[in-house]
Amino acid sequence: MTKKAFIFDLDGVIVDTAKYHFLAWKKLAATIGVDFTKQQNEQLKGVSRVKSLEKILAWGNKTITEAEFANLMALKNTDYLTYIDKMDEQEILPDVAKTLDFLRDKKQHIALGSASKNARMILEKVNILEKFDIIVDGNDVTKGKPDPEVFLKAAEHLNVPNEHCVVFEDAVAGIQAANNAGMISIGIGEKDILHEADYVFTDFTEIDIDFLNELISR
């Protein structure tokens, strides 16, 4: 039996930081006169900070200088960090820790593949950093999802063939990245949104031991 690699996205899969991103982006958008909605925030899931700000500027039909752009990105991150600084283990989404522990007990590789540049800090805050064999985040890649770079790097670090990697994602761009990498894609969220995934579950409470064992043994 070939050892598999289970690669987890962070935001919306392990912890729900989307709510904090929304608050920080909404505050930033208001400063430049752009009305930012929760529906638009959904489109930023799995997207880099640069691409997110570009989308917000486009929605508001705004043009700014490179210096202003860099300043706004820094302001957004500072605001976001004030929220995640208060995070603790209670922020871990239901049954995520249980799934991680099961995979560790089964001696499977566990990786993080996230666009977030704050991934390590968040994992430390919620006290599960040590559960991951490798972390690939926004500091390690140059291409954002749906480009598969983040997942390909995780597989390469673990020396696991792409077809033996399983990706957990809550964003359409993330599912597309996993599919582009030739990996098994598991959507965490709504089926009508994540229909491109090989499997979709509302959350980890719907993923049972038999399913995980099937993924390990296939």
Extended-chain gain in nm, criterion 0.36 nm per residue less alpha-carbon gap, Leu75 and Leu23: 17.5 nm
Based on DSSP, what percent of beta bridges with both residues in the chain are antiparallel, to the nearest 5? 5
List the relative contact order of region 50-155 as a percent without decimals, with contacts defined as Cα pairs under 8 Å and 6+ residues apart. 22
Please name which of Thr37, Asn71, Ile56 has its Cα lying farthest along the dipole of region 24-83 towards the positive end, using unit charges on Cβ (Lys, Arg +1; Asp, Glu -1) and the Cα centre as origin. Thr37
Where does region 70-172 land on Rg/Rh, using Cα atoms and the Kirkwood Rh? 0.98
For the pair Ile193 and Val50, how long in nm is the line joining their label points, each one 7 Å along Cα→Cβ? 2.6
Say the cut-off is 20 Å between C-alpha atoms; which of Lys55/Lys153; Lys26/Lys125; Lys45/Lys145; Lys3/Lys117; Lys3/Lys45; Lys19/Lys62 go over it? Lys55/Lys153; Lys26/Lys125; Lys3/Lys117; Lys3/Lys45; Lys19/Lys62
Counting other Cβ atoms within 10 Å of each Cβ, which trypsin sites (Lys or Arg not before Pro) in region 124-210 have at most 16 and sit in a DSSP loop? Lys143, Lys191
Counting only the backbone N, which residues of region 172-207 are under 16 Å from the spot 7 Å out from the Cα of Lys143 toward its beta-carbon? 173-183
Tell me the Rg and the Dmax, in Å, that the Cα atoms of the chain produce. 17.2, 56
Taking a crude spin-label model, label points 7 Å out from Cα along the C-beta direction, the Ile64 to Glu130 distance in nm is 4.1
Roughly how far apart, in whole Å, are the Cα centres of region 181-218 and region 12-76? 29
Along the Cα→Cβ direction, 7 angstrom out, place labels at Glu206 and Asn159. What is the inter-label distance in nm? 3.7
Given the convex hull of the Cα atoms of region 30-75, what is a quarter of its surface area in nm²? 3.1
State in Å² the accessible area per residue of the chain; use a 1.4 Å probe, count heavy atoms of protein chains only, and round to the nearest integer. 49
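Taking 0.36 nm per residue of sequence separation and subtracting the Cα-Cα distance, how much length would be gained by fully extending the chain between Ala30 and Lys98, in nm to one decimal? Intermediate results must be reported in sequence, preceding the final value.
Details: separation 68, 0.36 × 68 = 24.48 nm, distance 3.95 nm.
Contour length minus the Cα-Cα distance gives 20.5 nm.
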Within the accessible area of the chain, what % is carbon and sulfur when the probe is 1.4 Å and the other protein chains stay in place? 48
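The values are calculated or read from the model by the stated rules, or taken from the named source; none is laboratory data. None of these values were measured; they are calculated from a predicted model. Every residue, glycine among them, receives a Cβ derived from its backbone with ideal geometry; neighbour counts consider all protein chains shown. Just so you know, the surface numbers come from the protein's heavy atoms only, side chains and all, with ligands and any DNA or RNA stripped out. Shrake-Rupley method; radii C 1.70, N 1.55, O 1.52, S 1.80 Å.
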